Amino acid sequence: MTKEKVPMTQRGYDKLQETLHRLKTVRREQISEYMGKAIEDGDLRESAAYDEARMQQSENEARIADIELQLERAQIIPEDNTGAIGLGAKVVLKDAKGLERQFEIVGTYEVDVLKGKVSDASPIGAALHGKRAGETVELQGPKGVNRFTVVSVDYD
């Protein structure tokens, strides 16, 4: 079975590695201590604390396996030096009313909408791909087409 590559930024890759390290060291230790206390309390057949510790352990191990697979499949996309919007770009857009919005274009597994990180595969990510500062982009919204001007593209 061929495993499809997952495009991501170097920052995203590094963050996943940090998370993996934390889950394998700090989180495993926390769960182990919690499980040890539950075992000390006695009868495990009716121990809610022990059941909770086992559930946390299972979730942690599943998350570790998921991150290891993502890192194994990762394809680090180099920053674009041409000034065009690509993976890893921090983009400032201005709408028709003059309001500015800031986005960072990231790989699918790095998305965090609350932090303005949108996927390169999302409608906005796809529409912005290849655009440069000064260009206009049209995005279909729930109330029709919205036009934005690319104010800046930065790869810091």
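The values are calculated or read from the model by the stated rules, or taken from the named source; none is laboratory data. Every value quoted in this text rests on a predicted model; they were computed, and no experiment measured them. We place every Cβ from the backbone using ideal geometry, glycine too, and count neighbours over all the protein chains shown. Note: accessible area is taken over every heavy atom of the protein model, side chains too, but ligands, DNA and RNA are not part of it. Shrake-Rupley method; radii C 1.70, N 1.55, O 1.52, S 1.80 Å.
Report, to the nearest whole %, how much of the accessible area of the range 65-156 belongs to carbon and sulfur atoms, 1.4 Å probe, protein only.
For the range 65-156, the apolar C and S fraction of the accessible surface comes to 51 percent.
Counting heavy atoms of the protein chains only and a 1.4 Å probe, report the per residue accessible area for the chain as a whole number of Å².
For the chain, the per-residue accessible area is 65 Å².
With just the Cα atoms defining each centre, how far is the range 102-156 from the range 18-80? Give it in Å.
The two parts, judged by their Cα centres, are 34 Å apart.
Can you compute the charge dipole magnitude of the range 95-156 about its Cα centre, using +1 on each Lys and Arg Cβ and -1 on each Asp and Glu Cβ, nothing else charged? Give it in debye, rounded to the nearest 20.
300
Lysines within cross-link reach of LYS97: Cα-Cα under 16 Å, excluding same-chain residues under 8 positions apart?
Cα-Cα hits under 16 Å: LYS143.
Taking Kirkwood radius over Cα pairs in Å as the quantity of interest, determine which of (1) 17.9; (2) 17.2; (3) 18.4 was computed from the displayed structure.
Computed from these coordinates, Kirkwood radius over Cα pairs in Å corresponds to label (3).
Mind checking which of PHE103, ALA48, LEU128 is farthest towards the positive end of the range 36-156's charge dipole, using Cβ charges of +1 (Lys, Arg) and -1 (Asp, Glu) about the Cα centre?
LEU128
Relative contact order (percent) for the chain, with alpha-carbon contacts under 8 angstrom and 6 or more residues of separation?
Over the chain, the number comes to 23 percent.
Placing +1 at every Lys and Arg Cβ and -1 at every Asp and Glu Cβ, with all other atoms neutral, what dipole size does the chain have around its Cα centre, in debye to the nearest 20?
Rounded to the nearest 20 debye, it is 740 debye.
Which residue fluctuates most in the GNM of the chain (Cα springs below 10 Å): GLY144, GLY86, GLY116?
So, out of GLY144, GLY86, GLY116, the one fluctuating most is GLY144.
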